[in-house]
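Here is the structure we will look at.
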Amino acid sequence: MIRVGINGYGTIGKRVADAVRDQPDMEVVGVAKTRPNFEAERAVARGYDLYAAIEDRASRFADAGIETAGLVDELVAASDVMVDATPSGIGAENRELYEEYDTPALYQGGEDADVADVSFNARGNFDDATGADHVRVVSCNTTGLSRLLAPLREEYGVEKARVTLVRRGGDPGQTSRGPIDDILPNPITLPSHHGPDVQTIFSDLDIDTLGLKVPATLMHMHSVNVTLDAEPSADEVRDLLEGESRIFCIPPEFGIDGTGKLKEYAKDLGRPRGDVWENGLWSESITMEGDDLYLFQAIHQESDVVPENVDAIRAVTESADAAESIETTNDALGI
Ligand code: NAD
């Protein structure tokens, strides 16, 4: 069993912990948190050993009646791999801690690419992370774009991708985020950081991205145009994308007209926290105009990187190849 520690038990960390626990070849050593909030209370209730991430604040857990198993250093020492799911920028500060104990670590997409030796997407570049000590699992949007572009590159070749990302203002729990009544070009200048981030997975890809922020919390939406090196029919592209395990091609007859119903469908499926681990791609939107492909896809920012973290654990421990790992992860989660 691969022993996994999780540092930062928020939106991403708690989902990764549950996904790791569901794997046949992994166990959760424990999770580390800074404060005794509701997520700390739930972590203990779910049976995770809870470690204090900051020594000076460790007594707050006891004051709140929450038992801890020790300090984060002990978690790092006891783990084969650490998943750092702390807020952007903190992961880079934590790298020294992981190095001190010689524990390989995964970082999240909020970190700069240079936090790690390699950026990772299971479908895009699994092999690049094999045996690496420090790996960054790319952000939710970059994950969604990499999953889409990988099969298009392999099957047809991509001359250029142009993507407009309509981004949720904040996650449902991020009460301080916005806008609450506006549409923001964000960033106003081009390109947004997403294009260069996708190039950390496909270094030779020609891609331009534009970003907006809107008053929504459920998901992001991508309006995609990819100029291919071939002229397949829309049906051929649809068949190709339907063969991708982490792309859910939404059938027209489902009547899913937006992110609200897509999330509702995930809840009806009994998905934990209503998570949509796959890209939600509207089958009907797939259109070819000559060599130009157009489509819409929705990305569940809180969960699409979760199976990717699981696969990255297998990559750094060299315990499976890409196909084996993706299949094991998918089977365990129910993707
Ligand atoms: P979050 O704020 O929900 O969770 C972060 C957790 O880390 C919180 O529980 C916080 O208390 C804790 N924390 C803060 N400082 C810490 C420290 N020094 N040591 C240990 N724990 C600490 O954040 P999140 O949304 O889960 O984001 C985590 C990372 O994942 C970021 O890099 C983010 O960019 C990335 N990410 C987020 C999303 C998303 O939409 N939420 C999607 C993909 C990637």
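For Leu218, are the conditions met, namely being surrounded by 17 or more Cβ atoms within 10 Å (Cβ to Cβ), under 20 Å from the mean Cα position of the chain (by Cα) and touching a residue at least 24 places away in the same chain (Cβ under 8 Å)? Give the derivation first.
Details: surrounded by 17 or more Cβ atoms within 10 Å (Cβ to Cβ): yes; under 20 Å from the mean Cα position of the chain (by Cα): yes; touching a residue at least 24 places away in the same chain (Cβ under 8 Å): yes.
So Leu218 passes the test.
Assuming Glu96 fulfils every condition listed in (1) closer than 16 Å to Ile54 by Cβ; (2) away from the ligand (no atom under 14 Å from the Cβ); (3) of a type outside the set (Ser, Thr, Tyr) apart from one, which condition is it?
That leaves (2) as the condition not met.
Looking at (1) closer than 30 Å to Arg167 by Cα; (2) polar (S, T, N, Q); (3) crowded, with 19+ Cβ neighbours inside 10 Å, find the lone condition where Ser79 falls short.
(1)
Looking at the stretch 85-106, can you tell me whether even one residue there is on the phi > 0 side of the Ramachandran plot and either crowded, with 18+ Cβ neighbours inside 10 Å or touching a residue at least 12 places away in the same chain (Cβ under 8 Å) (or both)? Before the answer, list the steps.
First pass over the stretch 85-106, keeping only residues on the phi > 0 side of the Ramachandran plot: 89, 102.
Those still in the list that are either crowded, with 18+ Cβ neighbours inside 10 Å or touching a residue at least 12 places away in the same chain (Cβ under 8 Å) (or both) too: 89.
Taking every residue of the stretch 85-106 in turn, at least one turns out to be on the phi > 0 side of the Ramachandran plot and either crowded, with 18+ Cβ neighbours inside 10 Å or touching a residue at least 12 places away in the same chain (Cβ under 8 Å) (or both).
Of all residues in the stretch 33-70, which are surrounded by fewer than 16 Cβ atoms within 10 Å (Cβ to Cβ), within 17 Å of Gly13 (Cα to Cα) and either within 11 Å of the ligand (Cβ to nearest atom) or of a type in the set (Lys, Arg) (or both)?
Pass one, the stretch 33-70, residues surrounded by fewer than 16 Cβ atoms within 10 Å (Cβ to Cβ): 35, 37-38, 41-42, 45-47, 54-57, 59, 62-65, 67.
Now restrict to residues that are within 17 Å of Gly13 (Cα to Cα): 35, 37-38, 41-42, 45-47, 54.
Residues satisfying the conditions are Arg35, Asn37, Phe38, Arg42, Arg46, Ile54.
Condition first: among the acidic types (Asp, Glu) and either assigned to a loop (DSSP other than H, G, I, E, B) or in contact with a His (Cβ under 6 Å, 6 or more places away or on another chain) (or both). Now tell me which residues in the stretch 78-94 satisfy that. Talk me through it step by step, then tell me what you get.
Taking the stretch 78-94 and keeping what is among the acidic types (Asp, Glu), we get 80, 84, 93.
Hit for the stretch 78-94 is Asp80, nothing else.
On the given criteria, is Ala17 surrounded by fewer than 18 Cβ atoms within 10 Å (Cβ to Cβ) and at negative phi? Outline the logic, then answer.
Working: surrounded by fewer than 18 Cβ atoms within 10 Å (Cβ to Cβ): no; at negative phi: yes.
Against the criterion (surrounded by fewer than 18 Cβ atoms within 10 Å (Cβ to Cβ) and at negative phi), Ala17 does not qualify.
Yes/no matrix, rows are residues, columns are (1) open to solvent by less than 60 Å² (accessible area, probe 1.4 Å); (2) of a type in the set (Asp, Glu); (3) touching a Cys at 6+ places or on another chain (Cβ under 8 Å); (4) part of a loop (DSSP other than H, G, I, E, B):
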site	(1), (2), (3), (4)
Arg147	yes, no, no, no
Arg153	no, no, no, no
Thr164	yes, no, no, no
Gly173	no, no, no, yes
Asp181	no, yes, no, yes
Pro187	yes, no, no, yes
Gly195	yes, no, no, no
Ile201	yes, no, no, yes
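The values are calculated or read from the model by the stated rules, or taken from the named source; none is laboratory data. Keep in mind it's a predicted model, so treat the numbers as computed, not measured. A quick note on method: Cβ atoms are made from the backbone with ideal geometry, for glycine too, and the neighbour counts reach across all protein chains shown. Surface accessibility is based on the protein's heavy atoms, side chains included, excluding ligands, DNA and RNA. Shrake-Rupley method; radii C 1.70, N 1.55, O 1.52, S 1.80 Å.
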